[in-house]
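Rule-based calculations on the coordinates, nothing more; no lab input. What you are looking at is a predicted structure, and each value in this text was computed from that prediction instead of being measured. Cβ atoms come from the backbone with ideal geometry, glycine included; neighbour counts cover every protein chain shown.
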Amino acid sequence: MFYSGFAILALIMHIIINYDFVLRKETRSNGIQNRYYFRYLNTLFVFYIADIMWGFLYELKSVIPVYIDTTMFFLFMGLSVFEWTRFVIYYLDSDSFVHKVLNIVGWLIIIYTVIFLILNLFVPVIFRFYKDGTYEAQNGRFVILSAQILLYFAASIYSFVVSFKKIGKMRIHYRTVAFSSMAMAIFIILQIMDVMVAYYSVGSMICTAILHTFVLEDERKERENQLKESLEREKQQRIELENAKRMITIDSLTGVKNKYSFFEKEKEMEEKIEYNPGIDFGIVVFDVNGLKFVNDTYGHEAGDRWIQKACKLICDIYQHSPVYRIGGDEFVVCLENTDYENREELLREFNIQIEHNKSVGQVVIAAGQATYHSVDDFSVRKVFDRADRRMYIRKKELKESK
């Protein structure tokens, strides 16, 4: 029971440490190194079971069952070493000569173990049981464990030395292998010294704990990087979408909304009228006077500046309503909020400014205003047309008074 207690503890810690990794399928399938790590974990799991059963069966002195269990013990011990070498090769992500040697050694250990286990059926080269159930280790056991010690020590020393030449993530990888290998080698030595304590299981548990910590840390960092890249792509796409939307909806010359935006606003207002005929809104239509004269006399650049001045004047007066440029020299304001409430005062202020501009030779703009009446107006277009007609009346007045 004492022997099995160590193995049971190792198995429990093995399950606790690797619980999330084993249960999450997407983690296991995320990269070839994770797949080999998962195979290594499964091999160790079976090894722990065999080690636990050995303690119970040995105390019962059941020769045949304990013999079979001991065979499974050595078989999965060899398989765990083999799977460890496969994982380390992909974890370190290198095609160096040492890693090729590591791969060969992993194969040799499992082949050697299987051959010796077959021979042990006929000649006790690894272990034997006497009729009274007493266990006796043979030279083959020491050879197998000694080969593993050499493998783990060599891997530890090599990984630690190479780690000084690496930076960042790869330095952590090499040192992870170095410390886990050293721990495993030490516990195998203890296993050779005392056959009746499950040191091998404890060493495997500690080795796995070290590997697990950094394997999942790498995975966490990888997920963080993927998330950052995804967020960055999403941010860039949002910026590009906003830029595209701006190009579609914003007038490039003046910076106010364009004709397309006005059509969208018109649709929006039509829907509001349909569901709430009692809403309040108004429209002001503007037309810039003298643009053709400025273009013909001073050039189109001067004409563009003339349009920009006109737009600024409109925006300065109607600060709380959207402004749209719907043509070369035509603008529209949809009166909302306080601008709707103060529409008469704003229009009067605007016309006073226009009279001043006319007297000093600055930009002159004709404006026509109309408000929505639910009884007479069945669409936004009807309000727009009424404002447009009033704008042309005002335009005629401005021309006649120059």
Quiz item: Between region 220-294 and region 116-170, what's the alpha-carbon centroid distance in Å?
Solution: 71
Self-check item: Neighbour-count ranking [beta-carbon atoms within 10 angstrom, fewest first] of Trp107, Trp84, Trp54
Solution: Trp107, Trp54, Trp84
Quiz item: So which aspartates and glutamates pass the test for Lys169, namely a Cα distance under 20 Å, with those fewer than 8 places away in the same chain ruled out?
Solution: Asp93, Asp95, Glu217, Asp218, Glu219, Glu222, Glu224, Glu229
Quiz item: In µm²/s, what is D for the chain at 10 °C and 1.306 mPa s, where D = kT/(6 pi eta Rh) by Stokes-Einstein and Rh is the Kirkwood radius from Cα pairs?
Solution: 56
Practice problem: Report the trypsin sites (Lys or Arg not before Pro) located in region 125-169 that are in a DSSP loop and have at most 12 other Cβ atoms inside 10 Å of their Cβ, or state none. | Solution: Lys131, Lys165
Quiz item: Hey, which lysines would be in cross-link range of Lys166, C-alpha to C-alpha under 28 Å, not counting anything within fewer than 8 residues on its own chain?
Solution: Lys100, Lys221, Lys228
Exercise. Just rank Lys267, Lys61, fewest to most, by other beta-carbon atoms within 10 angstrom.
Key: Lys267, Lys61
Quiz item: Based on the Cα gyration tensor of region 2-230, what are the three equivalent ellipsoid semi-axes, each the root of five times an eigenvalue, rounded to whole Å and given largest first?
Solution: 33, 19, 14
Self-check item: Spatially proximal aspartates and glutamates relative to Lys131 (Cα-Cα < 17 Å; intrachain offsets below 8 disregarded)
Solution: Glu59, Asp69
Exercise. Take every Cα pair under 8 Å in region 2-230 that's 6+ residues apart, average their separations, divide by the length, and report that relative contact order as a whole percent.
Key: 21
Quiz item: Quick one: putting +1 on the C-beta of Lys and Arg, -1 on the C-beta of Asp and Glu, what dipole do you get for region 59-130 around its Cα centre, in Debye to the nearest 20?
Solution: 220
Quiz item: Given a Förster radius of 41 Å and the C-beta distance between Tyr130 and Ile167 as r, what FRET efficiency does 1/(1 + (r/R0)^6) yield to the nearest 0.05?
Solution: 0.10
Self-check item: Fraction in percent of alpha-carbon pairs per bin - 5 Å, region 186-315
Solution: 2, 8, 8, 8, 8, 8, 7, 6, 5, 5, 4, 4, 4, 4, 3, 4, 4, 4, 3, 2, 1, 0
Quiz item: When only DSSP loop residues count, what chymotrypsin sites (Phe, Trp or Tyr not before Pro) in region 115-146 have their Cβ near at most 14 other Cβ atoms within 10 Å?
Solution: Phe122, Tyr130
Quiz item: Taking N as the number of residues in region 254-332, what is its alpha-carbon radius of gyration divided by 2.2 N^0.38 Å?
Solution: 1.30
Quiz item: Where the centroid of each part is defined by its Cα atoms, how far is region 28-72 from region 193-212 in Å?
Solution: 13
Self-check item: DSSP-assigned coil residues among GluC sites (Glu not before Pro) in region 270-351, each with at most 16 further Cβ atoms within 10 Å
Solution: Glu336
Quiz item: How much mean residue ellipticity at 222 nm does the chain get from its helices, if each DSSP H run of length 4 or more adds -39500 (n - 2.57) and you divide by all residues, to the nearest 500 deg cm²/dmol?
Solution: -25500 deg cm²/dmol
Practice problem: State which entries of Lys358/Lys382; Lys312/Lys358; Lys267/Lys312 exceed 21 angstrom in Cα-Cα distance in the structure shown. | Solution: Lys358/Lys382; Lys267/Lys312
Practice problem: Determine the principal axes of the Cα atoms in region 124-271, then give the extent along each, sorted from largest to smallest and rounded to whole angstroms. | Solution: 99, 40, 19
